[in-house]
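The values are calculated or read from the model by the stated rules, or taken from the named source; none is laboratory data. This one's a predicted model, so the numbers in the text were calculated from it and none came from an experiment. Counting neighbours? That spans all protein chains shown, and the Cβs are built from the backbone with ideal geometry, glycine included. Accessible surface is based on the protein model in full, side chains and every heavy atom, while ligands, DNA and RNA are left aside. Shrake-Rupley method; radii C 1.70, N 1.55, O 1.52, S 1.80 Å.
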Amino acid sequence: MGEEGASPEAISARVGALQRARRSGRRRWRARSGIWKAVAAIGVIGLLLGAFVGWRWTDARPLVYETGMGERRVVQLADGSTVSLDSSSEVRVRYSADARQLSLERGQARFEVAHDTGRPFTVRAGDQIVVATGTAFNIDMLGPEVLVTLLDGRITVMNVPVDTAESAPRSGRASGSAIPAEQPSSASVNLTPGQQIVIRPATIAEVKPVSASRATAWETGQLVFEDEPLSAAAARVSRYSGRRIAVEGPAADLRISGVFKAGDAGGFVDIVSRYLPVSARSESSGEITLRTTPDGV
């Protein structure tokens, strides 16, 4: 290297150039690093946004479980709760961070609720709402009627027609007694295990004792009737058969007791016609109509 190259000025110039090159390299690296960090941040934001949109989508469109004619199904929910669906039934499930909301649209179902006090478990059936945290209960939607049976634990049934003169909430009414009233009002009713509340439109709710095995006999393919109106019994039998059984006139109020096989509409009609003052007629539509006999015997 010549003297000019070894001079302090030249060395200083080379050092300055090297330092400038290094600083420029660091700036380019920081720029690239910043770009990748920005890309990563955008990716994280995208994931969070996707999760939020997905949650909102789930919240807006609940999961739907249903059964066909003669079908039964047990559904395991995300929190460990289970829903056992009877024939021709439908339930909708919507879970969020602070609530478990279900809706029984039709039919009958048994609910086994996983305990979680931070997320109340509610089931809407018609105008009624059943609130529970960790318990087991059965809901039967029979036409306009709603029957709620508590099997274990504790539940509160809301929007129940009760007497305006009586206070609410209440629990454990006298066995088999209706709540008398002239002007029904809505309130909440607490049930204890072995109690069933029967809710009918424009009438006062009735709380009565009931056998848990009877209330859930449908899970084993049996229908147990105990002094039940013929119209209600026929509606239950129709749930399991392709042939609907209709009851007309005074025959609807006749009472029936017995154990029947779910889906055996013909057997039910045969027994009813034999022991009650009714006659059966097969319609062109395939429906079976039950009417009282002309002489009532």
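So what's the net charge close to ARG124: Lys and Arg +1, Asp and Glu -1, counting the other residues with Cβ under 10 Å from its Cβ? Local net charge: -1. Starting from the Cα of SER273, step 7 Å toward the Cβ, then list every residue of the range 246-262 with an amide N under 14 Å from that point. In the range 246-262, the label zone of SER273 (backbone N under 14 Å from the point 7 Å along Cα→Cβ) covers 246. Over all other residues within a Cβ to Cβ distance under 14 Å of GLY134, the charged ones net out to -1, with Lys and Arg as +1 and Asp and Glu as -1. Under 5 Å from the amide H of GLY70 lie the amide H atoms of SER88, each residue being 5 or more positions distant or on a separate chain, with H modelled from the backbone and absent for Pro and chain starts. The residues packed around GLU287, meaning those with a beta-carbon under 10 Å from its beta-carbon, carry a net charge of +2 if Lys and Arg are +1 and Asp and Glu are -1. If you sort ASP270, ASP116, ASP140, ASP253 by accessible surface, 1.4 Å probe, largest first, the order is ASP253, ASP270, ASP116, ASP140. Heavy-atom surface analysis with a 1.4 Å probe gives the range 180-297 a carbon and sulfur content of 49 percent of its accessible area.
Using the Cα gyration tensor of the range 69-144, with a ≥ b ≥ c the square roots of its eigenvalues, what is the shape: rounded (a/c below 1.5), prolate (a/b larger than b/c) or oblate (neither)? Here the range 69-144 falls in the prolate category.
Our estimate of slack between VAL131 and SER284, defined as 0.36 nm per intervening residue step minus the Cα-Cα distance, is 50.6 nm.
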